[in-house]
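First comes the structure, then the notes that go with it.
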Amino acid sequence: MTATAGSIGKADPAGTVKAGQSLASRITERLSGGLVRVVLIVVGLFWLVPTIGLLISSLRAPQDMSASGWWTVFTKPSQLTVDSYQKLLENSDITHSLVNTVLITVPATVLVVVVGALAGYAFAWMEFPGRDWWFLGVVSLLVVPVQVALIPIAELFGKIGLFGSILGVILFHTGFGLPFAVFLLRNFFAEIPRELLEAARLDGAGELRLFARVVMPLGGPAIASLGIFQFLWVWNDMLVALVFTKSGTQPITVALQTQVRQFGNNIDVLAPGAFISMVIPLAVFFAFQRQFVSGVMAGAVK
């Protein structure tokens, strides 16, 4: 009973502040919060306008697109059709390039994640001569622009027979993705408590088992973030693919650019092809959105 009376007698600072606020200040606070939400919603809608326009354009007939803008579909919904996607599936260049994109993106992402994770663990927790200098050398590669290496590596691939092949594009993306992967994962793995690793070693865990059973599960958010970054970069790349691929190994970005050059009015194939090329990485991002946010925020709050 005494504790209850004492707790009642104590003034709640937060409640006092709220009660002491004037009516005008409370109205202003609520309006400001609501105004921020409205502004964010409007910005998000404007950000989605190009995507919505591309989707609607891919569902319209070529004669409708040449006659009016895509927004007229809201007054004439009968314009919507899937004929463009049927033509897209019948276009062997586009479908083959989509397969090539998957064959390039998936291995390049997996290799960067696996090799980057192994190297990041080694730089974080394994002792070997010159470890810090080797890590500084890897980090220094982050400042090397891709454009500088295009001609030398193209000549090298030409001499060893990799130029124009899917394997050459995979190796190029892997090589340029590894410095950032090692830098990111090494810094994340270094935050793991040393006591946890020492306890696993006392239980008889070797380095590989320690990496697979302890480090990899704890590094899941950072690894997911790295995988998303690498996937989006490789999938949307056109410069490297334009230099290192030929007609049979071109990804979707180069194939669409070729369609524009050869058939300037081939919009019934370009619109659905561009939308499919865009929606797949979006689906990957939203599928791993939670892990991506966790990886980005990791280390921000201790």
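The values are calculated or read from the model by the stated rules, or taken from the named source; none is laboratory data. If you're wondering where the values come from, they're calculated on a predicted model, not measured in any experiment. All Cβ positions, even for glycine, are placed from backbone atoms using ideal geometry, and neighbour counts span all protein chains on display. The accessibility values were calculated without ligands, DNA or RNA, using every heavy atom of the protein model including side chains. Shrake-Rupley method; radii C 1.70, N 1.55, O 1.52, S 1.80 Å.
Name the single residue that is least open to solvent (accessible area, probe 1.4 Å) among those in the stretch 113-133 being closer than 19 Å to GLY206 by Cβ and over 30 Å from the mean Cα position of the chain (by Cα). Working first, answer last.
Within the stretch 113-133, the first condition is being closer than 19 Å to GLY206 by Cβ, and the residues that meet it are 114, 117-128.
Imposing the further condition that a residue be over 30 Å from the mean Cα position of the chain (by Cα) reduces the set to 127-128.
Values: GLU127: 154, PHE128: 74 Å².
Selected residue: PHE128.
Return the total of residues in the stretch 202-239 being aliphatic (A, V, I, L, M), without any contact (Cβ under 8 Å) to a residue 40 or more places away in the chain and either in a helix (DSSP H, G or I) or open to solvent by 30 Å² or more (accessible area, probe 1.4 Å) (or both).
Within the stretch 202-239, the subset aliphatic (A, V, I, L, M) is 202, 205, 208, 210, 212, 214-216, 218, 222-224, 226, 228, 232, 234, 238-239.
This time we only want the ones that are without any contact (Cβ under 8 Å) to a residue 40 or more places away in the chain, so: 202, 205, 208, 210, 212, 214, 218, 238.
Now restrict to residues that are either in a helix (DSSP H, G or I) or open to solvent by 30 Å² or more (accessible area, probe 1.4 Å) (or both): 202, 208, 210, 212, 214, 218, 238.
Looking only at that region, the number is 7.
Could you go through the stretch 240-249 and let me know if any residue there is in contact (Cβ under 8 Å) with a residue 24 or more places away in the chain, in the same structural domain as LEU142 (by TED's automatic domain parsing), open to solvent by 40 Å² or more (accessible area, probe 1.4 Å) and assigned to a helix (DSSP H, G or I).
yes
Within the stretch 187-199, does at least one residue satisfy the condition of being free of Cβ contacts under 8 Å to residues at least 60 places away in the same chain and within 21 Å of the chain's Cα centre (by Cα)?
So far as the stretch 187-199 goes, no, none of its residues is free of Cβ contacts under 8 Å to residues at least 60 places away in the same chain and within 21 Å of the chain's Cα centre (by Cα).
Checking TRP235 against (1) farther than 20 Å from THR95 by Cα; (2) in contact with a Pro (Cβ under 7 Å, 6 or more places away or on another chain); (3) of a type outside the set (Gly, Ala, Ser); (4) modelled with pLDDT of 80 or more, only one condition comes out false. Which one?
Exception for TRP235: condition (1).
Conditions (1) modelled with pLDDT of 80 or more; (2) open to solvent by 80 Å² or more (accessible area, probe 1.4 Å); (3) within 26 Å of GLN250 (Cα to Cα); (4) out of contact with any helix residue (DSSP H, G or I) (no Cβ under 8 Å at 6 or more places or on another chain), marked per residue:
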| site | (1), (2), (3), (4) |
| --- | --- |
| VAL42 | yes, no, no, yes |
| THR51 | yes, no, yes, no |
| ILE56 | yes, no, no, no |
| THR72 | yes, no, no, no |
| THR75 | yes, yes, no, yes |
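Go through the residues of the stretch 147-156 one by one and say whether even a single one is surrounded by 20 or more Cβ atoms within 10 Å (Cβ to Cβ) and within 26 Å of the chain's Cα centre (by Cα).
First pass over the stretch 147-156, keeping only residues surrounded by 20 or more Cβ atoms within 10 Å (Cβ to Cβ): 153.
Okay, now just the ones that are also within 26 Å of the chain's Cα centre (by Cα), so 153.
Within the stretch 147-156 (the criterion being surrounded by 20 or more Cβ atoms within 10 Å (Cβ to Cβ) and within 26 Å of the chain's Cα centre (by Cα)), the answer is yes, since at least one residue qualifies.
Does ASP93 count as modelled with pLDDT under 85, over 30 Å from SER247 (Cβ atoms) and part of a helix (DSSP H, G or I)? Break it down into steps so the answer makes sense when it comes.
Values: modelled with pLDDT under 85: yes; over 30 Å from SER247 (Cβ atoms): no; part of a helix (DSSP H, G or I): yes.
Criteria not met by ASP93.
Could you tell me whether the stretch 114-135 includes any residue that is at pLDDT 90 or above and closer than 18 Å to THR249 by Cα?
No: the stretch 114-135 contains no residue that is at pLDDT 90 or above and closer than 18 Å to THR249 by Cα.
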